[in-house]
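Data first, discussion second: the structure below is written as structure tokens.
The values are calculated or read from the model by the stated rules, or taken from the named source; none is laboratory data. This structure is a prediction, so every number in the text was calculated from the model and none was measured. All Cβ positions, glycine included, derive from the backbone under ideal geometry; neighbour counts span all protein chains shown.
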Amino acid sequence: MSLFRKIFGLKSKPEDTIKSEERGKYMPEIKLPIDEKFTINFKANGGKFLYCENMEEIYRTLKHILEENHWEDKNVFLLDSRLKELFKDFDLKTTRASSESEYFLSTCEYLIADDGSLLISSNQIAEKKLRELPPNFVIYATTSQFVENIGEGLRGIKNKNKERIPTNITTIKHFKALEDKDFLTYGSSSKNLYLLLLEDL
């Protein structure tokens, strides 16, 4: 019995007891799995999340994206030769001039669960700024690229690239046009982004 109840002689009412299935407001938050946390935050940022179990699903989904947006005959900004090889059956009209491209096809370094953003570097975008890239992104990533936060992602980049750490490291977080811009979103480039996520774990 609490001290106040002893002093004031208050009796507990049945509704004062906390039900076992309710959580108190000071209880620690239930920790979501990293992939679920990323998905929730990524969708809240306006991204289009497309989970695929195998490469056949990746190819089928990419085909739907291109058809839905009428990008089949449009130029694609593509810097990664591995992706060019991976999607060679699509006969993509690739170009290295971002200004002439309808969309950007790329990978990313990591998927940040904390805020639903994508960590990229010069490995994906060379030395270009986000605003210089096409407004539409199609990002190919795998489930092994999930990390909890940016710090973990930066450590991962450093460990993977011991010979030469990439430059131009940044995050893409806004995936829809921002109607009400404030000082927190000043200078951010919003992109229409599709994430093709392959299960590889």
field: Matching residues, the range 25-50, being in contact (Cβ under 8 Å) with a residue 12 or more places away in the chain and part of a loop (DSSP other than H, G, I, E, B)
entry: Asn45, Gly46, Gly47
- prompt: Mind checking which residues of the range 65-104 are closer than 21 Å to Ser121 by Cβ and either of a type in the set (Ser, Thr, Tyr) or part of a strand (DSSP E or B) (or both)?
  reply: Val76, Phe77, Ser81, Thr94, Ser98, Ser101, Tyr103, Phe104
query: When you scan the range 93-113, how many residues do you find that are modelled with pLDDT of 95 or more and in contact with a helix residue (DSSP H, G or I) (Cβ under 8 Å, 6 or more places away or on another chain)?
result: 10
task: For the range 162-181, state whether one or more residues are touching a Pro at 6+ places or on another chain (Cβ under 9 Å), at pLDDT 80 or above, surrounded by 13 or more Cβ atoms within 10 Å (Cβ to Cβ) and outside any loop (DSSP other than H, G, I, E, B).
output: no
task: Could you tell me which residue of the range 47-65 is nearest to Asp91 (Cα to Cα), considering only residues that are among the hydroxyl-bearing types (Ser, Thr, Tyr) and surrounded by 15 or more Cβ atoms within 10 Å (Cβ to Cβ)?
output: Tyr59
- request: Return the pairs, sorted by first residue and then second, in which the second residue is surrounded by fewer than 20 Cβ atoms within 10 Å (Cβ to Cβ) and among the acidic types (Asp, Glu), the first residue lies in the range 123-149 and is assigned to a strand (DSSP E or B), the beta carbons are less than 8 Å apart, and the residues are 6+ apart or on different chains.
  value: Asn136/Glu102; Thr142/Glu199; Thr142/Asp200; Phe146/Asp35
- request: Working only within the range 12-24, note down all residues that are part of a loop (DSSP other than H, G, I, E, B) and either closer than 22 Å to Thr143 by Cβ or modelled with pLDDT under 50 (or both).
  value: Ser12, Lys13, Thr17, Ile18, Lys19, Ser20
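With Leu133, Leu105 as the choices, which residue is among the hydrophobic types (A, V, I, L, M, F, W, C), within 17 Å of Leu196 (Cβ to Cβ) and surrounded by 16 or more Cβ atoms within 10 Å (Cβ to Cβ)? Lay out the reasoning, then the answer.
Working: Leu133 fails: within 17 Å of Leu196 (Cβ to Cβ).
After applying the criteria, what remains is Leu105.
From Leu118, Leu130, Leu184, which residue is at pLDDT 95 or above and of a type in the set (A, V, I, L, M, F, W, C)?
Working: Leu130 fails: at pLDDT 95 or above; Leu184 fails: at pLDDT 95 or above.
Residue meeting the stated conditions: Leu118.
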Among (1) modelled with pLDDT of 95 or more; (2) not in a helix (DSSP H, G or I), the one test that Glu152 misses: (2)
- request: From (1) modelled with pLDDT under 95; (2) closer than 27 Å to Glu68 by Cα, pick out the condition that doesn't hold for Thr142.
  value: (1)
